Amino acid sequence: MQEVKIYEYAVIRLVPKVEREEFFNIGLVMFSKREKYIRVDFHLCPIKFDLMKCEMDKEAILQNLENFRHVANGNKAGGEIAAFDIPERFRWLTAVRSSVIQTSRPHPGKTKDLDATFERLFNELVQ
């Protein structure tokens, strides 16, 4: 029997014009302290991107999202923050910021399968 795992997740959002506070979901970050688990994935829908009349360069946004992944995975390309332990990296990724890439507040949950839960949440909230 699988043990129940406690996790937190946050939705990654694109906020094309911060002053308007409009956004759409583009990714997910999920973390479990006890399991030493962190995962980030994203999908920048070109139709939604065009509808929001985003003035930012799409490639620049994708590069920033890749940096989120580098930080989460602890890759050197993520800079000094990528060297932090997993809980600190998650807290940095989900910190409140006033930029075009933001995250929701973290939400808690319980699951027996972290990857399956990540996939379900990603499909429900991002795709």
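A few remarks follow.
- Residues in segment 9-42 that are in contact with a helix residue (DSSP H, G or I) (Cβ under 9 Å, 6 or more places away or on another chain) and either assigned to a helix (DSSP H, G or I) or at pLDDT below 95 (or both): Leu14, Pro16, Phe24.
- Taking the criterion of being over 27 Å from Phe49 (Cβ atoms) and either buried (at least 18 other Cβ atoms within 10 Å of the Cβ) or of a type in the set (Lys, Arg) (or both), the residues of segment 101-113 that qualify are Lys110, Thr111, Lys112.
- Taken as a whole, the condition of being modelled with pLDDT of 90 or more, in contact with a Lys or Arg (Cβ under 9 Å, 6 or more places away or on another chain) and part of a strand (DSSP E or B) applies to Ile6.
- On inspection, Leu121 qualifies as surrounded by 15 or more Cβ atoms within 10 Å (Cβ to Cβ) and in contact (Cβ under 8 Å) with a residue 40 or more places away in the chain.
- When segment 88-114 is filtered for residues that are in a helix (DSSP H, G or I) and over 14 Å from the mean Cα position of the chain (by Cα), the ones remaining, listed by number, are Glu88, Leu114.
- Across segment 56-87, the qualifying residues are those that are in a loop (DSSP other than H, G, I, E, B) and hydrophobic (A, V, I, L, M, F, W, C), and the one among them that is modelled with the lowest pLDDT is Met56.
- Per-region count, segment 1-38, residues more than 27 Å from Asp113 (Cα to Cα) and either buried (at least 21 other Cβ atoms within 10 Å of the Cβ) or in contact (Cβ under 8 Å) with a residue 60 or more places away in the chain (or both): 5
The values are calculated or read from the model by the stated rules, or taken from the named source; none is laboratory data. Because the structure is predicted, anything quoted here is derived from the model rather than measured. All Cβ positions, glycine included, derive from the backbone under ideal geometry; neighbour counts span all protein chains shown.
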